[in-house]
C-alpha cells in the first residue's frame with residue numbers, strides 16, 4: 001500500500017512526474033549533451049516551441065479579422081437602428097391597435 005503522504009498526490013501528479021522522468025532519461029541517453037538541460041526539458045515537454053514566421057503571420061491575420069469582425073458588428077448595429085426607423089412598431093404590423 002501507499003503511505004499516507006503518497007495518498008495526497010493525484011494520478012495527474014504521477015503523470016507529470018512520469019513525463020519529467022521520460023525527458024530526463026532522453027537527456028541521459030542523448031549522445032551529444034545540449035548546452036542547457038533546462039532548454040532540453042522545455043523543448044521536450046512542449047513549453048517552448050520555436051517561433052515560426054508562419055505562426056506570427058497567422059497571429060497578425062487573426063488580429064486583423066477580429067478588428068474587421070468588430071467593425072462589421074458595429075455596422076450591423078447601426079443598420080438595424082436605421083432600419084427600425086422605417087419599420088412600423090410590432091403591434092401595427094399585426095393589425096393590433
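Dimensions of segment 19-81 from C-alpha coordinates, computed as largest minus smallest value along each principal axis and given longest first, are 68, 23, 12 Å. A simple spin-label model places the labels of residue 63 and residue 45 2.9 nm from each other, with each point 7 Å out along Cα-to-Cβ.
The numbers here are math on the coordinates, done by the rules we state, and not lab data. Model, not experiment: these values are computed from the prediction. Every residue, glycine among them, receives a Cβ derived from its backbone with ideal geometry; neighbour counts consider all protein chains shown.
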